[in-house]
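Before any comments, here is the structure.
Coordinate-derived values only; no laboratory data. Since the structure is predicted, the reported quantities are computational estimates derived from the model, not experimental observations. Counting neighbours? That spans all protein chains shown, and the Cβs are built from the backbone with ideal geometry, glycine included.
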Amino acid sequence: MSPFRLVYKKACHLPIEVEYKAYWAVKECNSGLGGARFERKLQLEELVCIWLEAYENTRLYKEKEKAVHDQNIKRREFRAGDQVLLYYSRLRLIPGKLRLKWDGPYVVEKVEPYGVIHLSHPSSPTFFKVNGHHLNIYHGAKVKNNKELAIFLLKDPTKEED
């Protein structure tokens, strides 16, 4: 529905169309005020019905959009002992566009409901909590420098090497 129809509950007319219907409009407006009150109440009821219809259409559209979005979410399940890479979210605050976005590897200590994961670094005994959406499985390649790590992250693990 157009915004004009929601507000005025009728289709938009161009000024040329209105000019030819001027006689009709004068005749309708001067018909008397007795029935005008009743007619205005009917118009308001019709407007409320249009609003409710638009609200229902919006709700249905949002449900369909949510279903499509939820289908495209990748489910990741981590277990205690897995090695993972942590997304470095503060990268945009530090200059250098060629810096790596992933830090690690870290070891998963504990998995809690709703995506909370406890991580620890092998060199330190402390652990911290992170959101599971910021993690990626580490496949255990021996990395000498950041360039090799970047190449490893870009490789597709499903394809076999020749």
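Observations on the model:
- Protection proxy ranking, peptides 47-55, 122-130, average beta carbon neighbours within 10 Å, highest first: 47-55, 122-130
- Linear extension gain, Val116 paired with Ile50, 0.36 nm per residue minus alpha-carbon span: 19.3 nm
- Among the listed pairs Lys41/Lys66; Lys74/Lys110; Lys9/Lys64, those beyond 32 Å (Cα-Cα): Lys41/Lys66
- Full extension of the chain between His134 and Cys12 yields a length gain of 38.9 nm, computed as 0.36 nm times the residue separation minus the alpha carbon distance.
- Rounded to whole Hz, the Karplus (6.51, -1.76, 1.60) HN-Hα couplings of region 61-75, x for glycine and proline: 4, 5, 5, 5, 5, 5, 4, 5, 5, 5, 5, 8, 6, 7, 7
- Long-range HN-HN contacts of Tyr138 with modeled amide H, under 5 Å: Gln83, Val84, Leu85
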